[in-house]
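The values are calculated or read from the model by the stated rules, or taken from the named source; none is laboratory data. Quick caveat, the model's predicted, so the values are computed rather than measured. Please note: Cβ atoms are built from the backbone with ideal geometry, for glycine as well, and neighbour counts cover all protein chains shown.
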Amino acid sequence: MLKRILAASAALAVSTALAGAQEVKVGVVLPYTGIGAEFAQLIDRGMEMYLKLNADKVKPYQIKLIKRDAKNPGGNDARVATQELLTQEKVDVLAGWVYSPNAIASAPVVNAGKKFAVIMNAGTAHITQMSGYYARTSFSMWHAGYAMGEAAAKQLKAKTAVVGYTDFPPGKDSLNAFKRAFEASGGKVIDEIPMGGAGAVPDFTPFFQRAKDKKPDVFFVFVPAGDHAAAVTRTYGALGMRQAGIRLIGPGDITQDTKLQAMGDAAIGLITMHHYHADLPNAENKRFVAEWKKAYGANAVPDFMAVGGYDGMALIMHVAHQLKGKIDGDAAIKAAGTFKFNSPRGPISIDPDTRDIVMNEYLSEVVKGPDGRLMQKVIGQIDNVKDACKAQKIAPCK
Amino acid sequence: MSVTPHMPDHPAALALARRHSLRWWESLPWIAALAFFFAYPNHLGFGTELLIMVLFAISLDLALGYAGIITLGHAAFFGAGAYTVGILAHHGIWNEPLTGLALAALVAAAVGFLSGLVLLRTTGLTFLMLTLCTMLMLEEAANLGHHWTGGFDGLPSLNIPPLFGVFEFNPLIPKTQFLYVLGVLFLCFLFVRMLAYSPFGQGLTGIRENTLRMHAVGAPVRTRLVVCYTISAAIAGIAGGIWAQANAYVNLGTLGLDRAATVLIILVLGGFGRLYGAFVGAVAYMVLAHFLSKIYPTAWQLGLGLLLVVIALFARGGMLGIGEVLMQRLRPKIPPKEPASRPSP
């Protein structure tokens, strides 16, 4: 009897040891409460969708997600969460970060902890340079802003532009990126309008009237994803700017898929540049959107944040396979540089020099679909776009 | 004020004479903090945040609990201190920790003095709104002054040299930070405790209870309030400055309504005007928030909200108030009872 118990416990010990060797602990830092809760849910679902749709690629590893609430953009909660994931939970990989200040505040901890960390949203360009262990699967504000500047001059044949931006770092990044590319391609930015902070949705009317009075060919707007965007299209429609011959353009943040239907017909004709929207016609995306609707309801739709989480998980699995489950920070960053993946947003990779994502940018127009719903139609594409801020060494990305 | 000097053995006289003597249980918070340091080395990041919050709550207690200055903008001083340390360190002007803290206190005191000089002419709701406005204006100034303050992204990776030139600030295992904050908290607390039991502190309590009567006895009410507000601001500035040093960064979160409201909730939860309310409130609020959010990252606020509702409904004096009521029930009821509630104006 005693022998049998001993044998059984030995077997148990062996099997748990095996399971332990194959388990990859991923610490997730996202704002699960507060104004960012919606974004956290999208990224969360994106990660889980990857694990579900690619179960064969996840094997033989077992992914354990340990979630911590980053609460707000204040930075200290995210920092303490990162600290504890490293010291208490002994995670193999860190992931998440919706707000840029949180990723900035966590950088010294990530550096000291020497663990691989995947940024799944925070878009301020220079974040990836604050820690050598950061890799980013979302975007930098420069990806879309710079591409849009070129496309506005070349494809939309615009000569003049007015830029309206929410007055915080991603907005300024977006302004700088657009302006640099637009003016390098022969256009001219004739006015720059700061439009309040990111905290609350302002009344856009005075800003838009000022833009209208300047009579530009295009009006480039950056506002944070979420409720700002609906107000932008409403004001654009109410002031009759389209009839005045001014086209509204911007990065895809202003046509976030989860908000698009609520914008109504005023959004038709909006032209955006972004790396993802749910109407991208590739096969991988069709499967992704179909599975998403199956899992979360017919009206649910993934967006660029969800894809940031999805691709982030793909990167983590790539690194786990490369390193046979022993995810050491320095080795992981090297392995991340060899990442190539067929994502719902098209082919992506990680630039080994900057650890930032390389991806396609799509120029899209909002149209009314055959079923009466608003959708985005791809009218142009730029392949393998790198973060121009780092590629051209523009301050503060030096 | 019915105590007469020729009755030294009257219970009231004895109580007055002994009111500032140390009691055995006053050592408990410090023993607990040191025990925490040795028992939970992996929780020190959270512990440091907790101690800084206690310090910040103590500064508010001086203004709100003792002088009855009801403010919603106390984070203005926390932020002023934090940005003082941040800007000086980031631009390479000054980064030695201890003197940096002194500068943070000085700047915050200046902000407190100047705003107090103007705002303390008002009372009640007007004052509440004006403190809120002052804080929001500072926040917006910090947002706009991007060149100096780093704007929304803040000032990252400050270079803070080792404490006393010996003890390094390790971002992953913040042992130095914890002990440093504990030491500063201890000194600040001793100062506030001394102040609360001094005639100055008694005068503040008098102003809180009955401003008219204090005017009538010839006390310089407005001067006292401004001085109290300035001292309170200076201590909040120290809390902010040490926060910036311990975290090695500073951003707009130090100035926001979020922080101002949290510290107010903590103080009300613990019980204001009681010195130790800040400890009890901060520990209860932050420990609960921290561990609930670990277990339920999406729904932890529900549990916290329930606790606050219960406290607001059943314990107006906060958690320490509950303790006092229990102690009174347990005490033998022989001596003639003084009215338990404070005299109404």
Q: May I ask you to say which residue of A:Gly27, A:Gly74, A:Gly46 is farther than 21 Å from A:Thr258 by Cα, at pLDDT 90 or above and in the same structural domain as A:Val93 (by TED's automatic domain parsing)?
A: A:Gly27
Q. Can you tell me which residue in segment A:211-244 is nearest to A:His274 (Cα to Cα), limited to those that are assigned to a helix (DSSP H, G or I) and in contact (Cβ under 8 Å) with a residue 40 or more places away in the chain?
A. A:His228
Q: Filter segment B:15-62 down to residues that are within 16 Å of B:Gly240 (Cα to Cα) and β-branched (Val, Ile, Thr) and give me whichever is farthest from the other protein chains (Cβ to nearest Cβ).
A: B:Ile58
Q: Counting only residues that are more than 14 Å from chain A (Cβ to nearest Cβ), give me the helices (runs of 4 or more DSSP H) lying completely in segment B:72-191 with at least 3 of them.
A: B:75-90, B:97-119, B:124-144
Q: List every residue pair whose Cβ atoms lie under 6 Å apart, where the two residues are 6 or more positions apart in sequence or sit on different chains, the first residue falls within segment B:268-289 and is in a loop (DSSP other than H, G, I, E, B), and the second residue, located anywhere, is surrounded by 21 or more Cβ atoms within 10 Å (Cβ to Cβ) and of a type in the set (Asp, Glu).
A: B:Phe272/B:Asp61
Q. Which of the residues that make up segment B:241-260 are assigned to a helix (DSSP H, G or I), within 12 Å of chain A (Cβ to nearest Cβ) and farther than 21 Å from A:Phe168 by Cα?
A. B:Trp243, B:Ala244, B:Ala246, B:Asn247
Q) When segment A:143-165 is examined, which residues are found to be more than 20 Å from A:Lys188 (Cβ to Cβ) and touching a Lys or Arg at 6+ places or on another chain (Cβ under 9 Å)? A) A:His143
Q. In segment B:287-316, how many residues are within 14 Å of chain A (Cβ to nearest Cβ) and exposed (fewer than 15 other Cβ atoms within 10 Å of the Cβ)?
A. 6
Q.
I'm trying to understand the selection: among the residues of segment A:176-194, which are surrounded by 24 or more Cβ atoms within 10 Å (Cβ to Cβ) and more than 22 Å from A:Asp383 (Cα to Cα)?
A. A:Gly187
Q) Looking only at segment A:274-284, which residues are surrounded by fewer than 21 Cβ atoms within 10 Å (Cβ to Cβ) and either assigned to a helix (DSSP H, G or I) or under 16 Å from the mean Cα position of the chain (by Cα) (or both)? A) A:Ala283, A:Glu284
Q | Members of segment A:32-46 that are β-branched (Val, Ile, Thr) and within 12 Å of chain B (Cβ to nearest Cβ) | A | A:Thr33, A:Ile35
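Residue-by-condition table, conditions (1) of a type in the set (S, T, N, Q); (2) without any contact (Cβ under 8 Å) to a residue 24 or more places away in the chain; (3) in contact with a strand residue (DSSP E or B) (Cβ under 8 Å, 6 or more places away or on another chain); (4) more than 29 Å from A:Gln41 (Cα to Cα):
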position: A:Phe116; (1), (2), (3), (4): no, no, yes, no
position: A:Gln129; (1), (2), (3), (4): yes, no, no, no
position: A:Tyr134; (1), (2), (3), (4): no, no, yes, no
position: A:Trp142; (1), (2), (3), (4): no, no, no, no
position: A:Val162; (1), (2), (3), (4): no, no, yes, yes
position: A:Leu175; (1), (2), (3), (4): no, no, yes, no
